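Working notes for the structure below.
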Amino acid sequence: MKSFKKTPANGVPFLAWLLSLALLTGCATGPYTAFHGRQAWPTANAIPETEYAVPVYYDWPERPYRVLGTIQIAEKTNPVENKVIAQAAVTAKSKGGDALILRHPVKLEPRVMTEGANDSAAVSPARTSILVIQWKTLAEQEADRQATAAFWTRFHAKYPRVALTDEFKQLTVEYGAYQGLDLTSPKDSAGLAEELNGLSGTATNAASAKWLFRGAIHLSGFAASIDETLCGLATITQSGDNVTITFHSGEDSFNFTGLDQNERLSGDIEISAGPSVCKAKAAGVVLTNRVTLDSRAQNAEGTVRATFTFLHTGTGNGG
């Protein structure tokens, strides 16, 4: 089953949107534009399609990479039509690309809006864009690791009382990549460090607190599926046994309402992933600085599976 990515159609039922993909007709891809912006990109666990000239991803790949350029898909064109992807793959290979990532521009805005005057022109908010990527070398990956280590050295020197687990540190790096932050940039690294310090304090039984989180959402229907990886700051609010967890960013959001009874969460969650809105039961576990939440549902529109991990600062093994 293909892992088709979504186009913006807020309010359109999931199955109706999937069926509409089969009815659209495509045309040629737009021109290739070299990318000169920041090379801070997230990774996930997407599985590529390999039937084209280069592998094609519909979510972030697992391997570290850089973006060479973008290929825009004209408005009203079906971005997942085989011939459109095939043409883009051939173009990517001719430019030295190792793979493609097909993402709607809403997902790219934090990473293309840089200081360069021409960087944001590579992506239009009215069109779907395909990223042409190249895998990073071992030397580049080592440079990234050194930059990350230097960031944590500076963080602990400035905020010595904030203790972080290894898991929290890893998620922080992912969060920074999702925000398009360059850890070698003094401005970016200082802003991220200040944001992390703001998370410190009472993590549980507080009226409301921000938690760092990572979520994986899978929506499947009869014709296609959507895989979405989220990373950001969610708000957890607790009043007695009542708990709400909320997150909203662009076209993605979720809202959990339930009960915390003996460190066990149970309740209802509503997940909005672009054009689809799914409601399901959810359950999880509450620890001092870690909350997990899982959800699975089957309805007339298809199947939804979602897993979330929420982390907070506190005493850990990584400080």
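Yes or no: Arg290 among the basic types (Lys, Arg) and at pLDDT below 90? So Arg290 fails the test. When Ser272 is tested against the conditions (1) touching a Ser or Thr at 6+ places or on another chain (Cβ under 6 Å); (2) of a type outside the set (A, V, I, L, M, F, W, C); (3) at pLDDT 85 or above, the lone failure is (3).
The rows are residues; the columns are (1) within 20 Å of the chain's Cα centre (by Cα); (2) modelled with pLDDT under 65.
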{"position": "Lys2", "(1), (2)": "yes, yes"}
{"position": "Ser20", "(1), (2)": "no, yes"}
{"position": "Glu49", "(1), (2)": "yes, no"}
{"position": "Thr91", "(1), (2)": "no, no"}
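When Val304, Val285, Val277 are screened for being in a strand (DSSP E or B) and either at pLDDT below 80 or outside the structural domain of Glu174 (by TED's automatic domain parsing) (or both), only Val277 passes.
If I ask for residues that are of a type in the set (Asp, Glu) and closer than 18 Å to Phe310 by Cβ, which ones from region 213-240 would you list? It would help to see each step written out before you state the result.
Filtering region 213-240 down to residues of a type in the set (Asp, Glu) leaves 227-228.
Matches in region 213-240: Glu228 only.
Within region 240-256, residues that are outside any strand (DSSP E or B) have Cβ atoms under 8 Å from residues that are of a type in the set (A, V, I, L, M) in these pairs: Asp241/Leu259; Gly250/Val106; Glu251/Val106; Glu251/Ala273, counting only partners at least 6 apart in sequence or on another chain.
Does Leu219 count as of a type in the set (A, V, I, L, M), at pLDDT 80 or above and in the same structural domain as Gln170 (by TED's automatic domain parsing)? Against the criterion (of a type in the set (A, V, I, L, M), at pLDDT 80 or above and in the same structural domain as Gln170 (by TED's automatic domain parsing)), Leu219 does not qualify. Tell me which residues, restricted to region 160-195, are in contact with a Pro (Cβ under 7 Å, 6 or more places away or on another chain) and assigned to a helix (DSSP H, G or I). Glu174, Ala177, Tyr178 - these are the residues of region 160-195 that are in contact with a Pro (Cβ under 7 Å, 6 or more places away or on another chain) and assigned to a helix (DSSP H, G or I).
For region 128-159, the candidate set comprises residues that are under 20 Å from the mean Cα position of the chain (by Cα) and part of a helix (DSSP H, G or I); within that set, the residue that is nearest to Gly97 (Cα to Cα) is Asp144. State whether the residues of region 197-209 include one that is aliphatic (A, V, I, L, M), modelled with pLDDT of 90 or more and either assigned by TED's automatic domain parsing to the domain that holds Arg63 or in contact with a helix residue (DSSP H, G or I) (Cβ under 8 Å, 6 or more places away or on another chain) (or both). Within region 197-209, not a single residue is aliphatic (A, V, I, L, M), modelled with pLDDT of 90 or more and either assigned by TED's automatic domain parsing to the domain that holds Arg63 or in contact with a helix residue (DSSP H, G or I) (Cβ under 8 Å, 6 or more places away or on another chain) (or both). Of the numbered criteria (1) over 23 Å from the mean Cα position of the chain (by Cα); (2) under 19 Å from Thr309 (Cβ atoms); (3) surrounded by fewer than 19 Cβ atoms within 10 Å (Cβ to Cβ); (4) at pLDDT 90 or above, the one Asp260 fails is (3). Annotation note: of Gln146, Gln179, the sole residue that is polar (S, T, N, Q) and surrounded by fewer than 14 Cβ atoms within 10 Å (Cβ to Cβ) is Gln146.
The values are calculated or read from the model by the stated rules, or taken from the named source; none is laboratory data. Keep in mind that what you see is a predicted model, and the values were worked out from it rather than measured. Don't worry about glycine lacking a Cβ; one is built from the backbone with ideal geometry, like all the others, and counts go over all protein chains shown.
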